[in-house]
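Taking it in order: structure first as structure tokens, then the write-up.
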Amino acid sequence: MANRRTFDLDEYIERIQNSPCFICEMIAGRLAGNQVIHQDHSTIIFLNKYPVLYGYVLVAPVRHREHVTGDFTVEEYLSLQRMVYQTAEAVRTTVPAERVYILSLGSQQGNRHVHWHIAPLPHGVPFKGQQLEALRVENGILEISEHEMEDLAGRIRQHLDLTS
Ligand SMILES: [Zn+2]
């Protein structure tokens with residue numbers, strides 16, 4: 001398993017609150033360094049650039065939407081959740097996981113573009129280190145080389161069955 005490095009949370013907050021929406025910037029091709037697993041007219045699936053768990057993927061609508069349910073019709077929401085399901089299954093078959101966590105967080109003070117976290121908890125983590133504790137960036141983020149991130153994205157992409 002990869003080593004961890006300290007995550008500068010204050011620097012991150014400063015940046016995220018003073019920059020244009022990072023998901024819209026990534027979709028517009030103005031943001032380098034993200035590993036996109038899949039993008040179509042409605043949805044983008046990409047690796048979390050600051051992973052606390054190995055195989056941590058984010059799923060977001062291409063269009064800038066903010067409210068987890070309020071900015072979608074029920075049909076749009078369910079269509080996106082189908083992609084979340086398909087992505088979670090691709091992650092689960094790529095990375096050994098005791099459980100796969102799925103959640104949507106975000107903030108109106110930064111990270112406004114709604115997105116879903118798909119975070120695979122590896123086997124063997126003690127109970128106290130699971131759930132929200134496993135997602136804390138304060139515990140450090142995994143040091144994964146660009147090459148390995150690209151490889152990981154490719155393997156998840158291979159397992160992504162968008163017909164299911
Ligand atoms: Zn956006």
Notebook entry, point to check: Which translational diffusion coefficient, to the nearest whole µm²/s, is obtained for the chain from the Stokes-Einstein equation, given a Kirkwood hydrodynamic radius over C-alpha pairs, 20 °C and 1.002 mPa s?
Noted result: 131
Margin query: Rounded, prolate or oblate for the stretch 1-41? Axes are the square roots of the Cα gyration tensor eigenvalues, ordered a ≥ b ≥ c, and the cut-off for rounded is a/c under 1.5.
Written below: oblate
Notebook entry, point to check: Of the residues Phe72, Phe46, Phe127, which exhibits the maximal mean-square fluctuation in a Gaussian network model of the chain defined by a 10 Å Cα contact cut-off?
Noted result: Phe127
Notebook entry, point to check: For the stretch 104-118 and the stretch 31-94, what is the separation of their Cα centres, given in Å?
Noted result: 11
Notebook entry, point to check: Going by how many other Cβ atoms sit within 10 Å of their own, how do Thr87, Thr94, Thr6 line up, fewest first?
Noted result: Thr6, Thr94, Thr87
Item checked: Against the rule of thumb 2.2 N^0.38 Å, how large the Cα Rg of the stretch 1-73 comes out -> 1.23
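Where a number appears in this text, it was derived from the coordinates with a stated rule and is not lab data. What you see is a predicted model; the values in this text were computed from it and never measured. All Cβ positions, even for glycine, are placed from backbone atoms using ideal geometry, and neighbour counts span all protein chains on display.
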